[in-house]
Amino acid sequence: MSINSEAKFDFYYYSSYSPLDLTMLRTGCKIALARTILKPYASSYELLANYTSVQSETQMNIQNLPRLPVPKLSDTLEKYLRTVKPHLNEDEFSKTVKLVKNFETGEGKRLQSLLEKRAQTHLNWLEEWWLKTAYLGYRDPVVVFSSPGLVFPFRKFKTQLEQLQYAAKTILATLEYKALIDGDKLPVEMMGKSPLDMSQYKKVFGTCRVPADKIDRLSYNDTKYVTVIHNDHIFHVDLWGDDNQMLNEDQIVKQLKDVMEHSKSRTDTPVGILTSENRDVWAKAYNILVKDNVNRENLADIEKSLAILCLDAPVGLWNCSNKNAQQNLAGAQTIHGGGSSSNGGNRWFDKTIQFIVGADGVTGLTYEHTPAEGQPIAILTDFIINYLEQGKTGTSQSASPKQPKHLKFNVNSDVKNMINKAKENLDRLANNLELNCFTYEKYGKNFIKSQKLSPDSYLQMAMQYAFYKLHNTPGAHYESAATRMYVGGRTETIRSCSIESVEFAKTMLNTQSSPKDKLQAMQKAINAHKHYTVQALQGLGVDRHLLGLKLIAIENGIDIPKLYSDAGFVKSAHMRISTSQVACKCDGFMCYGPLVDNGYATCYNPRDNDVNFATSAFKANPETDCIKYRGALEQALQDMHDVLLQNTSSKL
Ligand code: COA
């Protein structure tokens, strides 16, 4: 396919998506590989070179992993019918059953065979599609809608020096982690006996999403400097000296002090805030900026750096009345920077990793989701926290560190207006996001395991029960499952709302139910979830397969089957609970925004004896309320625990 025909194809491709599909696609954790996508859009030899080195990992399938299967059509449709049932009345369900039968013997058969053909010529039939549709072509801001925040354990910096020492150690830890990745020294993760695809690890440093009209591009780079942002001013800070020696902690601290010296007050033109805009709006501003030589160099400089370090202004972390308030504050800082009057302009949201080191101890990161899932980032988090605890200060010292370079932009009146508009938009977005992040302290994974239950499935069923209790209706529920046992694999959806989960919620709420009824319903729901999980991990879920069939129809100019506009599809894919487990050992958590207007997000970190939850909802929606949802979730966890205790001799 030529560059032009591919660009046309994309246009057709996106215009053929309903908002619902796009919402589905941007959900949770999505596929991203720069393979065939970057090549047509690469504008320079350098970009092509970068693209090549990253893609080869997957293209060569160096881990010799199996290929993502195309599930059997009959299997998917049977599963599908079970997952839509909770959302439909009898009439609707019988219509859906008819539609599915016709699909299976008619147009579905043809699409299945086309998809199977595609799978023969692609190592992973989904990855390129997923990258384009779920991320690069998605036009809403990455802030709130796509990029998660990750909150690290809180610090109490007594002095500015302590803040900078922490920041310097974070950088040194990152360089050590990156050296392990580059040297293929990280142990290959396993799922049971299956090795997992490790290629995502190589895509998180030096990576940047670059805005462009209709579809963004990804830029992969390997450099020796970071971008530091302070008071909304942007700096290039080299981590190696002229003698090619790496800086040690004291030397990095000195660089950061220098940055602060040159950015004592905030700029009134924080160019970084443009990265929080709708992608087409940001692309317009970008296209104006790049016309100026200085700006172009600055943009390229930021694009190529290893990561961003945001030295944030204080936000009153230690004036908070309790840990919950601190967690909410920190969650907001890592998702959107607290809006334009706080640290929202002290960001470059296009960059895959932005470390946040706030003056009064909010620490964490914001990560742009396109190139990787949360796992490499969660492991990085634990690596940094361990590094900090070990008190390391670096392994070498440079005799000739380079001076930080202030990247000053020439901002014309058009861009100035765009910056002002971006401030307003970010503030609106930030004000609309309700967060409730908390630690559930009564028990964690150990208790659930002691009951011979899967912790993840148990927590998912707690969310199902909580939602049903609160809204008196089943909530379509997305959980991401990693499909990394396949080459280039990212995620499949676990449809956590099931016939069994609804039955469980109803049994729990029925005052006539005996403890035994409740226990049995709970076990059935948990086991049904676990069963779906095992299928999803093998790439045998419903959502990616149905998506593939739809995309192959579009690609071949075939009408989109009615199945996709049927009530069953629409209701079961309106994910009112968007969840993912992102596990790290430290007392941190990941957080992000809901998937649909009347939905909740719930990211959770189950630890041995507690669980960190980050829930969110949109304030403007009258149906949702994070405080009530949290209350229902905590009560659900308590009720489930009580049912188990009533039926067994286990104690907390
Ligand atoms: N009895 C006792 N123990 C059990 C059990 C049972 N019935 N079922 C499971 N366990 C144990 C497991 O052996 C495991 O033990 P370990 O902690 O020693 O490893 C532990 O409980 C956790 O297992 P479980 O809760 O069932 O599942 P999981 O932790 O493997 O998580 C997924 C399931 C789907 C979340 C996970 O496989 C996955 O895909 N994670 C990635 C999600 C993702 O992409 N996140 C990033 C989004 S950006």
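The values are calculated or read from the model by the stated rules, or taken from the named source; none is laboratory data. The structure presented is a predicted model; accordingly, all values stated were derived computationally and were not measured. Ideal geometry is used to build each Cβ from the backbone, glycine not excepted, and the neighbour counts take in all protein chains shown.
The figures follow:
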| read-out | value |
| --- | --- |
| Enumeration of residues in segment 190-202 that are surrounded by 17 or more Cβ atoms within 10 Å (Cβ to Cβ), over 17 Å from Asp222 (Cβ atoms) and of a type in the set (D, E, K, R) | Asp197 |
| Single residue of segment 604-652 satisfying the filter (in a loop (DSSP other than H, G, I, E, B) and of a type in the set (A, V, I, L, M)) that is surrounded by the most Cβ atoms within 10 Å (Cβ to Cβ) | Ala620 |
| Failed condition for Ala313, given (1) under 22 Å from Leu256 (Cα atoms); (2) surrounded by 23 or more Cβ atoms within 10 Å (Cβ to Cβ) | (2) |
| Hits in segment 118-134 (condition: part of a helix (DSSP H, G or I) and in contact (Cβ under 8 Å) with a residue 60 or more places away in the chain) | Arg118, Glu127, Glu128, Trp129, Trp130, Leu131, Lys132, Thr133, Ala134 |
| Test: residue in segment 430-441 that is within 16 Å of the ligand (Cβ to nearest atom), under 25 Å from Ser572 (Cβ atoms), buried (at least 17 other Cβ atoms within 10 Å of the Cβ) and among the hydroxyl-bearing types (Ser, Thr, Tyr) | no |
| Any hit, segment 151-160, residues being in contact with a Lys or Arg (Cβ under 9 Å, 6 or more places away or on another chain), modelled with pLDDT of 95 or more and of a type in the set (A, V, I, L, M) | no |
| Residues (basic (Lys, Arg) and either modelled with pLDDT under 95 or more than 11 Å from the ligand (Cβ to nearest atom) (or both)) located in segment 463-489 | Lys469 |
| Within segment 208-259, strands (runs of 3 or more DSSP E) holding 1 or more residues that are in contact with a Phe, Trp or Tyr (Cβ under 6 Å, 6 or more places away or on another chain) | 217-219, 225-230, 233-238 |
| Selection within segment 317-351 - of a type in the set (A, V, I, L, M, F, W, C), more than 21 Å from Val228 (Cα to Cα) and assigned to a loop (DSSP other than H, G, I, E, B) | Cys320 |
| Single residue of segment 550-597 satisfying the filter (over 15 Å from the mean Cα position of the chain (by Cα) and of a type in the set (Gly, Ala, Ser)) that is nearest to Glu373 (Cα to Cα) | Gly588 |
| Test: residue in segment 166-177 that is more than 13 Å from Glu249 (Cβ to Cβ), over 20 Å from the mean Cα position of the chain (by Cα) and assigned by TED's automatic domain parsing to the domain that holds Leu365 | yes |
| Among (1) more than 14 Å from the ligand (Cβ to nearest atom); (2) under 23 Å from the mean Cα position of the chain (by Cα); (3) over 21 Å from Asp427 (Cα atoms); (4) basic (Lys, Arg) - the single one Arg607 does not satisfy | (1) |
| Arg139 being at pLDDT 95 or above and either in a helix (DSSP H, G or I) or over 19 Å from Leu306 (Cβ atoms) (or both) | yes |
| Qualifying residue in segment 551-564 (condition: surrounded by fewer than 24 Cβ atoms within 10 Å (Cβ to Cβ), in contact with a Pro (Cβ under 6 Å, 6 or more places away or on another chain), in contact (Cβ under 8 Å) with a residue 40 or more places away in the chain and not acidic (Asp, Glu)) | no |
| Tally, over segment 356-374, of residues that are within 26 Å of Gly316 (Cβ to Cβ) and either crowded, with 24+ Cβ neighbours inside 10 Å or not hydrophobic (A, V, I, L, M, F, W, C) (or both) | 11 |
| Within segment 390-503, helices (runs of 4 or more DSSP H) holding 1 or more residues that are more than 30 Å from Gln245 (Cα to Cα) and within 20 Å of the chain's Cα centre (by Cα) | 413-432, 455-471 |
| Selection within segment 442-462 - more than 12 Å from the ligand (Cβ to nearest atom) and crowded, with 23+ Cβ neighbours inside 10 Å | Ala462 |
| Pair list, Cβ < 6 Å and 6+ apart or interchain, from segment 330-359 residues that are under 23 Å from Asp216 (Cα atoms) to residues that are among the acidic types (Asp, Glu) | Gly345/Asp232; Asn346/Asp232; Asn346/Asp312; Thr352/Glu368 |
| Odd one out for Phe205, checked against (1) modelled with pLDDT of 95 or more; (2) hydrophobic (A, V, I, L, M, F, W, C); (3) not assigned by TED's automatic domain parsing to the domain that holds Gln255 | (3) |
| Residue count for segment 232-261, restricted to those that are touching a strand residue (DSSP E or B) at 6+ places or on another chain (Cβ under 8 Å) and closer than 22 Å to Gly344 by Cα | 8 |
| Any hit, segment 339-360, residues being at pLDDT 95 or above and within 15 Å of the ligand (Cβ to nearest atom) | yes |
| Residues of segment 587-603 that turn out to be within 14 Å of the ligand (Cβ to nearest atom) and part of a strand (DSSP E or B), as a count | 6 |
